[in-house]
Amino acid sequence: MKRFSVLLSLLVVLSIFLTACSGGKEKDGKASSTNETAGSTNEKATITVAAWNAAADALTEQIAGFNQKYPNIKVEILRADTGYTKVTPALAAGTGAPDVIQTQARDFQAFLQKFPDQFVDITDKTQKYKNDFVESSWKSVTKDNKVYALPWDLGPTALYYRIDLFEKAGIDVKSIQTWDEYIEAGKKLKEAIPGTAMTLYTDDFNLYEIFLNQMGGSYVKDGKINVNSPESKKALLLQKKMKDEGIAINVHDGNGRIPALTNDKVASVILPVWYAGTLSHSVEKQAGKWGIVPIPAFEKGGNTQANLGGSILAVSKQSKNADAAFKFIEYVLTTDEGQKIMLQYGLFPSYTPFYKSEVFNTEDKYFGMELYPFFAKLTTTIKGMEYGPIMLDATKPLKDMIDGVLTGNDVDKTMETTAESISKSTKLDVNK
Amino acid sequence: MKGPSFITKSAGYLFLIIVTIVSVYPFYWMFVGSTLSDGDIFQSPPRFFPSVEFMNNITELAATAPIWRALGNSLLISVVFTIATLYLCAIAGYTFAKFEFKGKNVMFGLVLITMMLPHQVTLIPLFKMVIGFGWQNQPQAVILPALANAFGVFFMRQNMMSIPTEMIEAARIDGAIELSIFHKIILPTSLPPLAALGILSFIQQWGNYLWPLIILQDRESTTLPVLLSQLVAPGQVVYYGQVLAGTVISIVPVLILFLLLQKYFISGIYGGSVKG
């Protein structure tokens, strides 16, 4: 009797499961069939756009301008998180996804790999913009020669330095041409102003990625994991040297930077254009004390440009109004009106025709210079980086690799084990 | 027997004082930070006394994010969820504790099995189901799936086992129907565990992040923790004063609830441990 009731209850549970599954499938089928017929923009359409934080604020402000051009397309902005927790279930389930999705540029290849057939191929529609975007930015939105997203913002990187502290330590910023000279200047600074370090780093792979990109290295090369490359080794050793010489302090995360800056614990930071906004807001009192120069090169006359960050906008295949969705990203990313609003929110455009506009060329009060034209000059030799489909899985191994090297583990061995562990979770081969 | 010596006693107090400072300081820092302007929050040495910027921070936050709306959503979801959970878990726990019926153990086993399932396993099926009902952006999408959860049923059952069966039988002899026995005798005698479960459920739902983030997609329907988390993103300016002020607001309801129910909370948690 007892066994019978166990069996019975198991059956009940199973049947509930099965009906739930089959019900879901039917719905999907219907959704995808309507997908192909709809799409004309003359009809009334509602599109949803998922983006995060200031990016979402900027998009919200775009709606009024967009609706002057396309009064029939209603736009709703959804607030997503930067870890993609919000959009991932919908992409995995094949239902419930927003029409337009923001991802970080470096993560998008992983999205294309993990959710094949979830993003609309927009190659034909974007052909005419080919020369309008910074060349390197196309790399992360293209797969097998097909374009699946429009590049949004960029993160050209520079050396922000405290003019007053450099002066006090007797350092001429122009004399810093290479990273070695930067480290030497750091030692000088430490002696002149005890308690102030040259720069800082965080418990992530930001600095590593800047160095790697500067040298033209990449995480993946020809589809194989490349974190064991010579460039990778050089990048790791440089950060280790900065730490060992005591010129760079660890502040753990973005929140840690603010107290270090506020209390004069560091005299310079190596960060992208998007940090200008944080400096002028969070350390408002240091207005006029900051200068910006290109980052030092690895060898004299070498490349002084690198990118860190930036995001993209893609249209979801689940969208019933894919045309309308594309119209929206086209408007916000390829018009001066659209990019003007983006810039107000500190999003540096990869759309280059905008660099000629008046707003782009205004002087920044905090830095006392034309901020954006300066950074625009730092986008010309940025090397397109092959992130490959690994970045959603590689975060922890990469952090561990840097942490391991900084604490004194053997560099070659650490790079090897990191490559292996990324290979295990992504099924990609390791470049030998 | 003599009590502990003066030295042991003061060492104990010293230890407790240190632990208290360590656990209270972050909250105090948050509170002070919420009353400062962004430029002053990270000044070293840290400010010890609150300043006057709190209302300013809140007003600015409310201008950029629908904080009051989110507070309302959070309150609605948490209060309805807690009340419904308490009633359902109590009645189910009572049934499992005091009634004999066919298949009771199997059913109880099934309830417990759902407790072993990691949340992530059910996420996608649940998402599909709730989207299928058309419930995205609706409070019931957050309230309903976790109602009558296994932990609550188990917790109430363990506590109600210790209610003397004679009391129930006496009520039956006096002619009370089953539902009024539950309402008039069982519920009032179970106040401590109900208070404990109530606080736990409320805190759990109040701080619930993952599911509301996924299913409450537009900004009007979002809850407070989700809204607050969205004020911070890498590479973008963080308005710390606003974030801290928002966080202060978000802990006030929990604080009030806990202070009100504190005396039940402790006895309720221990209640089930005597007779398991």
Original post:
Taking every DSSP beta bridge that has both residues in the protein assembly as shown, what percent is antiparallel when rounded to the nearest 5?
Top reply: 65
Original post:
How many lysine pairs are close in segment B:34-274, with Cα atoms under 27 Å apart and the two 8 or more places apart or on different chains?
Top reply: 5
Subject >> Longest DSSP-loop-exposure-free segment, chymotrypsin sites (Phe, Trp or Tyr not before Pro), chain B, at most 15 other Cβ within 10 Å >> reply: B:134-208
Subject >> Selection of GluC sites (Glu not before Pro), segment B:52-104, meeting DSSP coil and at most 13 other Cβ within 10 Å >> reply: B:100
Subject >> Vicinal HN-Hα couplings computed from phi for segment A:98-112 (Karplus, 6.51 cos²θ - 1.76 cosθ + 1.60; Hz; Gly/Pro x) >> reply: x, 6, 10, 10, 8, 9, 5, 4, 6, 8, 5, 4, 5, 5, 4
Original post:
Could you name the lysines in cross-link range of residue A:168, using Cα to Cα under 18 Å and dropping any fewer than eight places away on the same chain?
Top reply: A:187, A:188, A:190, A:265, A:289
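Using the 10 angstrom Cβ neighbour count as an exposure proxy, how do B:69, A:106 rank, fewest first?
Ascending Cβ contact count within 10 Å gives the list B:69, A:106.
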**OP:** Calculate how many DSSP beta bridges within segment A:35-156 are antiparallel, expressed in % of all such bridges and rounded to the nearest 5.
**Re:** 20
Original post:
Which ³J(HN,Hα) values in Hz, rounded to whole numbers, follow from the phi angles of segment A:128-145 under the Karplus curve 6.51 cos²θ - 1.76 cosθ + 1.60, where θ = phi - 60° and Gly and Pro get x?
Top reply: 5, 9, 3, 8, 8, 10, 3, 3, 5, 6, 6, 4, 7, 9, 10, 9, 6, 6
Original post:
In straight Cα distance, which aspartates and glutamates are under 13 Å from residue A:241, not counting same-chain residues fewer than 8 positions off?
Top reply: A:180, A:181, A:184
Subject >> Positive-pole candidate from A:156, B:187, A:344, dipole of the protein assembly as shown, charges at beta carbon >> reply: B:187
Original post:
Can you list the equivalent-ellipsoid semi-axes of segment A:350-432, largest first and in whole Å, using the square root of 5 times each Cα gyration tensor eigenvalue?
Top reply: 40, 17, 11
Original post:
Amide H neighbours of residue A:119 under 5 Å, counting only residues 5+ apart in sequence or on other chains, H built in-plane at 1.01 Å?
Top reply: A:317
**OP:** Please report how far the C-alpha centroid of segment B:221-273 lies from that of segment B:1-56, rounded to the nearest whole angstrom.
**Re:** 18
Original post:
So what's the projected area for chain A, the Cα convex hull averaged over all directions, in nm²?
Top reply: 25.7
Subject >> Spread of Cα-to-Cα distances over 10 Å intervals beginning at zero, given as percent, for segment B:34-274 >> reply: 7, 24, 28, 22, 13, 5, 2, 0
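Which value at 222 nm does chain A reach when only helices count, each DSSP H run of 4 or more adding -39,500 (n - 2.57), with the total divided by all residues and rounded to the nearest 500 deg cm²/dmol?
Helix contribution divided over all residues of chain A: -13500 deg cm²/dmol.
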Original post:
If the limit is 21 Å between Cα atoms, which of A:44/A:320; A:125/A:146; A:114/A:224; A:114/A:143; A:130/A:320 go over it?
Top reply: A:130/A:320
**OP:** Distance between Cα centroids, segment A:38-112 to segment B:133-196: provide it in whole Å.
**Re:** 44
**OP:** Could you list the trypsin sites (Lys or Arg not before Pro) in segment A:312-373 that lie in coil according to DSSP, counting only those with at most 15 other Cβ atoms within 10 Å of their Cβ?
**Re:** A:365
Original post:
Can you tell which of A:235, B:76, A:216 lies farthest toward the positive end of the dipole of the protein assembly as shown, using +1 and -1 charges on the Cβ of basic and acidic side chains (Lys, Arg; Asp, Glu)?
Top reply: B:76
**OP:** Write out the GluC sites (Glu not before Pro) in segment A:163-256 meeting two conditions: DSSP loop, and at most 10 other Cβ atoms within 10 Å of their Cβ.
**Re:** none
Original post:
Using the Karplus equation 6.51 cos²θ - 1.76 cosθ + 1.60 (θ = phi - 60°), what ³J(HN,Hα) coupling, rounded to whole Hz, does each residue of segment A:157-174 give in order, writing x for Gly and Pro?
Top reply: 9, 9, 9, 8, 9, 7, 4, 5, 5, 4, 4, 4, 8, x, 9, 8, 5, 5
Subject >> Theoretical gain in end-to-end length, residue B:101 to residue B:28 [0.36 nm per residue, Cα-Cα removed] >> reply: 20.9 nm
Original post:
Setting aside same-chain residues fewer than 8 positions from residue A:128, which aspartates and glutamates have a Cα under 17 Å from its Cα?
Top reply: A:323, A:330, A:336
**OP:** Report, by chain and number, residues whose modeled amide H sits under 5 Å from the one on residue A:147, excluding near sequence neighbours (fewer than 5 apart, same chain).
**Re:** A:122, A:123
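Every number here is computed from the coordinates shown, using simple stated rules; none is lab data. Source: prediction; values computed, not measured. As a convention, Cβ positions derive from the backbone with ideal geometry for all residues, glycine included, and neighbour counts pool all protein chains shown.
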